[in-house]
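First the structure, in the form of structure tokens, and then the observations on it.
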Amino acid sequence: MKHLLEYLAAAVTLSASALPAQKLVGDWQGTLGSPPNALRLVLRVARAGSAGMSASLVSVDQGGWDNTIPIDSIVVRDSRVSFFVSSVGGTYNGTLTDGGSRIRGNWTQGGSPEPLDFVRPSPRTAWRDSSQHTQRFVNVEKDVRLEVLDWGGTGRPIVFLAGAGNSAHIFDTLAPKLTAEYHVYGITRRGFGNSSRPTWGYLADSLADDVLAVLDSVGIRGPVLIGHSIAGEELSSIGSRHPERVAGLVYLDAGYPYAYYDSALVDPRVSVADVQHKLARFADPNVAMSPRDREALIRELVDVSLPLMERDLRSMSKDLTVLPNQDATPPTPRPNPVIRGLFGGMEKYTSVRAPVLAIFAAPHKPPGAMAKDSATQAKADSEDLARVMPQVAAFRRGVPTARVLVLPNADHYVFRSNEAEVLREIRAFIDGLSRTTPTGRE
């Protein structure tokens with residue numbers, strides 16, 4: 001469930017028998033999962049041309065009203081409705097009931113089916129964006145502007161950064177609960193939401209430079225940056241290169257190898273990306289390097305980066321050989337240059353020099369109906385702890401002044417599943433920062 005919103009989207013063709021299909025045209029809304037991790041989804045079906053239709057999903061709680069997800073194929077046969085979303089590997093199967101006012105069905109994504117019913121909203125029951133924020137756009141380079149939300153408030157500024165697939169609207173519920181003590185902002189990174197969507201500029205340092213450009217443009221001095229998931233790389237980039245620009249950093253299940261790299265741990269995502277970046281720099285004739293710099297780059301590749309990548313790939317190869325269904329090929333997701341650039345843009349950060357609060361979820365709570373029997377769940381928990389806890393230990397060693405907190409059975413969206421604890425920790429962390437750190441706007 002937590003991966004439902006990895007990609008932004010466009011409408012697609014709908015094939016259907018005429019009468020039931022006509023009954024689908026319009027907006028539907030449904031809730032996936034149970035509180036506090038329930039996700040509101042809006043299914044939008046529209047006519048496209050003389051005979052076709054188009055459809056899309058909006059994941060309200062994981063990215064706001066601009067977080068649209070593509071439906072690759074949707075089929076209506078008699079009263080049965082089904083659609084497939086290749087970008088997240090999800091399938092929906094339902095039945096049009098109650099005189100065409102409800103679709104009863106299940107969503108399946110990498111596990112057991114989860115109940116998901118859609119209903120026709122009335123003007124009174126239709127969901128709306130009720131979060132109290134203002135919106136502006138900041139140009140960070142030519143033809144690239146970022147959405148910036150301002151929930152208001154007074155006191156030290158804090159700036160929220162979203163994870164992959166989300167926009168700043170993911171914090172629409174959390175942010176207003178902090179405005180009594182702080183001035184709260186949110187930034188939607190390039191490629192997502194209402195921000196520009198170029199195909200370039202997704203190296204972690206480049207994304208961090210976008211954040212700094214927004215701070216300069218809006219006049220935010222000495223903020224606390226709070227990042228979820230892969231936003232940890234922007235936090236660590238700023239915390240290692242420009243710690244003087246921030247008062248502190250808060251990692252919300254965001255302290256993984258893209259945020260703090262320990263070469264003792266195996267992670268092909270980071271080691272492969274690191275080699276790709278260095279080889280691209282080496283091969284680019286437009287990159288000016290002195291003979292000494294070029295020789296140092298070669299030495300770094302040969303002595304460090306390539307051996308680490310080889311070690312990680314060998315480990316990955318060993319893990320793959322024990323998987324069942326060796327010939328099974330998963331569906332190919334819709335190509336997305338933004339996602340490719342974001343995950344290919346990881347860099348190595350081994351020094352974070354700003355005050356840090358890092359909150360990890362371990363073991364992660366299984367989403368919704370994907371909960372398993374006790375024995376199976378115990379095995380899944382053990383595997384998750386084996387994956388996460390070495391990184392927690394590495395983070396503690398590498399950033400010894402950090403407050404590192406592990407919340408058991410929390411969701412990856414830890415600020416939703418454990419909101420009260422997260423708010424308490426954020427307040428305690430900020431209140432403990434040096435009062436001499438610059439605050440507010442210029």
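The values are calculated or read from the model by the stated rules, or taken from the named source; none is laboratory data. Here the structure is a predicted model, which is why all the values come from computation and not from measurement. Don't worry about glycine lacking a Cβ; one is built from the backbone with ideal geometry, like all the others, and counts go over all protein chains shown.
Among (1) in contact (Cβ under 8 Å) with a residue 12 or more places away in the chain; (2) assigned to a loop (DSSP other than H, G, I, E, B); (3) not acidic (Asp, Glu), which single condition is LEU279 missing?
Against the list (1) in contact (Cβ under 8 Å) with a residue 12 or more places away in the chain; (2) assigned to a loop (DSSP other than H, G, I, E, B); (3) not acidic (Asp, Glu), LEU279 comes up short only on (2).
Please find, within the range 254-279, the residue that is nearest to the chain's Cα centre (by Cα) out of those that are surrounded by fewer than 23 Cβ atoms within 10 Å (Cβ to Cβ) and polar (S, T, N, Q).
GLN276
Given the criteria at pLDDT below 75 and not acidic (Asp, Glu), does SER79 qualify?
No, not satisfied.
On the given criteria, is GLY30 surrounded by 19 or more Cβ atoms within 10 Å (Cβ to Cβ), modelled with pLDDT of 80 or more, farther than 23 Å from HIS133 by Cβ and not assigned by TED's automatic domain parsing to the domain that holds ASP172?
Numbers: surrounded by 19 or more Cβ atoms within 10 Å (Cβ to Cβ): yes; modelled with pLDDT of 80 or more: yes; farther than 23 Å from HIS133 by Cβ: yes; not assigned by TED's automatic domain parsing to the domain that holds ASP172: yes.
Judged against the criteria, GLY30 is a match.
Hey, among ARG136, ARG128, which residue is loosely packed, with under 15 Cβ neighbours inside 10 Å, of a type in the set (Lys, Arg) and at pLDDT 90 or above?
Working: ARG128 fails: at pLDDT 90 or above.
ARG136 is the lone residue from the list that is loosely packed, with under 15 Cβ neighbours inside 10 Å, of a type in the set (Lys, Arg) and at pLDDT 90 or above.
Please go through the range 411-420 and give me each residue that is touching a residue at least 40 places away in the same chain (Cβ under 8 Å) and in a helix (DSSP H, G or I), ordered by number.
Scanning the range 411-420 gives VAL414, PHE415, ARG416, SER417, GLU419.
Quick check, is LYS318 within 18 Å of ASP411 (Cα to Cα) and more than 20 Å from the chain's Cα centre (by Cα)? Write out each step before concluding.
Numbers: within 18 Å of ASP411 (Cα to Cα): no; more than 20 Å from the chain's Cα centre (by Cα): yes.
It is false that LYS318 is within 18 Å of ASP411 (Cα to Cα) and more than 20 Å from the chain's Cα centre (by Cα).
Would you be able to say whether some residue in the range 317-335 is more than 22 Å from VAL272 (Cβ to Cβ), touching a Phe, Trp or Tyr at 6+ places or on another chain (Cβ under 9 Å) and loosely packed, with under 14 Cβ neighbours inside 10 Å?
yes
Filter the range 355-385 for residues that are modelled with pLDDT of 95 or more and loosely packed, with under 14 Cβ neighbours inside 10 Å and give the result.
none
Note down all Cβ pairs under 7 Å where the first residue falls in the range 103-129 and is of a type in the set (Val, Ile, Thr), the second is assigned to a loop (DSSP other than H, G, I, E, B) and surrounded by 16 or more Cβ atoms within 10 Å (Cβ to Cβ), and they're at least six residues apart or on different chains.
As it stands, the answer is ILE103/ASP117, since those pairs meet every condition given.
So, in the range 204-258, how many residues would count as being aliphatic (A, V, I, L, M) and either over 17 Å from ALA402 (Cα atoms) or not assigned by TED's automatic domain parsing to the domain that holds ALA361 (or both)?
Going residue by residue through the range 204-258, those that are aliphatic (A, V, I, L, M) are 204, 207-208, 211-215, 218, 220, 224-226, 230-231, 235, 238, 246-247, 249-250, 252, 254.
In the following step, the residues that additionally are either over 17 Å from ALA402 (Cα atoms) or not assigned by TED's automatic domain parsing to the domain that holds ALA361 (or both) were identified as 204, 207-208, 211-215, 218, 220, 230-231.
Of the residues in the range 204-258, 12 are aliphatic (A, V, I, L, M) and either over 17 Å from ALA402 (Cα atoms) or not assigned by TED's automatic domain parsing to the domain that holds ALA361 (or both).
Is it the case, given these coordinates, that LEU225 is surrounded by 24 or more Cβ atoms within 10 Å (Cβ to Cβ) and not in a loop (DSSP other than H, G, I, E, B)? So that I can check it myself, show each step before the final result.
Values: surrounded by 24 or more Cβ atoms within 10 Å (Cβ to Cβ): yes; not in a loop (DSSP other than H, G, I, E, B): yes.
Criteria met by LEU225.
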